[in-house]
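Here is the structure we will look at.
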Ligand SMILES: Nc1nc2c(c(=O)[nH]1)N[C@H]1C(S)=C(S)[C@@H](COP(=O)(O)O)O[C@H]1N2
Ligand SMILES: [Mo]
């Protein structure tokens, strides 16, 4: 048992300013150490990549989308249905201190403080393609750690078949959470356990060498690069390991449009638009759209997870 469990203290109620400052310092220090060491996409150093060869990844030299575009073009429906308002509105969210409740089919359930989680993880930069179901895409230099290395620390039971993630629910700061006409709150997403344990699946805490901006899901979000962006849930407060698949926000809203799997697939159109190509954020008016790749270009690493599945049926 390496991570500290403090079941008796609900994390979101801690307001002691001394504690607050200490935690802030620890998180800042974690980043400083990492930046001081000169972070780079040093795939070869990361043991968590398991049997994925560094060569597989370095073969794909990606040019990150400019930071200003990534930070000012967001989807964060708790705040707004447009792409620009969350940049300012999300700043009201208090992301420090932060804790994550982990429960369900695990040996070590508990409430874990974010800085305790981070102290046990090897933060690295991961440059991934990101494809929204709406048809735009970007390349993001995330900082984070594999979700698998967090899950392993809480020891999932053999009965854990799915992982459910829940975003923060705070309607006083997130105005759209009072709007019940479209989505249900809090935002919920889920992965099959093998998807969650895949080394490409990240928990991100940073962007472009700095702490994750609030509008991009601070302090902790999921990043699943081979799936449409809506799977990459922001501001996670709860992780549950479950026997059965839970209902997820977008799937519940429109099951014929947003499947549980949501794997990027140019051959399976959204009922209202084609998914065969994408507009890259920052590209000029005359730049041709990019041809969307199966599994967003990560097929070599993840296709085996779906080898026996009809991807048209399980979209
Ligand atoms: N909690 C929460 N997570 C979320 C969303 C959201 O509205 N709320 N939007 C999703 C969608 S549709 C996308 S495309 C990505 C966008 O991430 P970005 O805003 O950092 O680009 O976040 C996903 N995660
Ligand atoms: Mo999206």
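Kindly establish whether residue 59 is surrounded by fewer than 19 Cβ atoms within 10 Å (Cβ to Cβ) and modelled with pLDDT under 95. So residue 59 fits the description; yes. Taken over segment 151-172, the criterion of being over 19 Å from residue 188 (Cα atoms) and either in contact with a strand residue (DSSP E or B) (Cβ under 8 Å, 6 or more places away or on another chain) or surrounded by 15 or more Cβ atoms within 10 Å (Cβ to Cβ) (or both) is satisfied by 153, 154, 155, 156, 157. If you go through segment 196-216 and pick out every residue that is in contact with a strand residue (DSSP E or B) (Cβ under 7 Å, 6 or more places away or on another chain) and within 16 Å of ligand 2 (Cβ to nearest atom), you end up with 2. Please list, ordered by residue number, the strands (runs of 3 or more DSSP E) wholly in segment 116-182 having 3 or more residues that are under 30 Å from residue 68 (Cβ atoms) and away from ligand 2 (no atom under 16 Å from the Cβ). Strands (runs of 3 or more DSSP E) meeting the threshold: 124-131, 136-146.
Kindly indicate whether any position in segment 271-278 is over 30 Å from residue 101 (Cα atoms) and modelled with pLDDT under 95. Taking every residue of segment 271-278 in turn, none turns out to be over 30 Å from residue 101 (Cα atoms) and modelled with pLDDT under 95. Taken together, the residues in segment 221-249 that are under 24 Å from residue 126 (Cβ atoms) and either touching a helix residue (DSSP H, G or I) at 6+ places or on another chain (Cβ under 6 Å) or within 15 Å of ligand 2 (Cβ to nearest atom) (or both) amount to 15. Pairing residues of segment 219-233 that are free of Cβ contacts under 8 Å to residues at least 24 places away in the same chain with residues that are near ligand 1 (Cβ under 10 Å from one of its atoms), at Cβ distances under 6 Å and at least 6 apart in sequence or on separate chains, gives 221/204; 221/234. Set side by side, the residues 95, 74 differ, and just one is more than 16 Å from ligand 2 (Cβ to nearest atom), farther than 17 Å from residue 191 by Cβ, touching a helix residue (DSSP H, G or I) at 6+ places or on another chain (Cβ under 7 Å) and touching a residue at least 40 places away in the same chain (Cβ under 8 Å), which is 95. Could you check, for segment 228-251, whether at least one of its residues is crowded, with 22+ Cβ neighbours inside 10 Å, within 12 Å of ligand 1 (Cβ to nearest atom) and farther than 24 Å from residue 88 by Cα? For segment 228-251, residues crowded, with 22+ Cβ neighbours inside 10 Å, within 12 Å of ligand 1 (Cβ to nearest atom) and farther than 24 Å from residue 88 by Cα: present.
Going through (1) crowded, with 24+ Cβ neighbours inside 10 Å; (2) more than 14 Å from ligand 1 (Cβ to nearest atom) one by one, residue 199 falls short only on (1). Within the bounds of segment 293-315, is there any residue that is more than 30 Å from residue 72 (Cβ to Cβ), within 16 Å of ligand 2 (Cβ to nearest atom) and modelled with pLDDT of 95 or more? Among the residues of segment 293-315, at least one is more than 30 Å from residue 72 (Cβ to Cβ), within 16 Å of ligand 2 (Cβ to nearest atom) and modelled with pLDDT of 95 or more, which makes the answer yes.
Okay, residues lined up against (1) crowded, with 22+ Cβ neighbours inside 10 Å; (2) closer than 22 Å to residue 174 by Cα:
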{"residue": "92", "(1), (2)": "no, yes"}
{"residue": "103", "(1), (2)": "no, no"}
{"residue": "107", "(1), (2)": "no, no"}
{"residue": "110", "(1), (2)": "no, no"}
{"residue": "120", "(1), (2)": "no, no"}
{"residue": "123", "(1), (2)": "no, no"}
{"residue": "127", "(1), (2)": "no, no"}
{"residue": "131", "(1), (2)": "yes, no"}
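The values are calculated or read from the model by the stated rules, or taken from the named source; none is laboratory data. On a predicted model such as this, the values are computed, not experimentally measured, just so you know. Neighbour counts run over all protein chains shown; Cβ positions are idealised from the backbone, glycine included.
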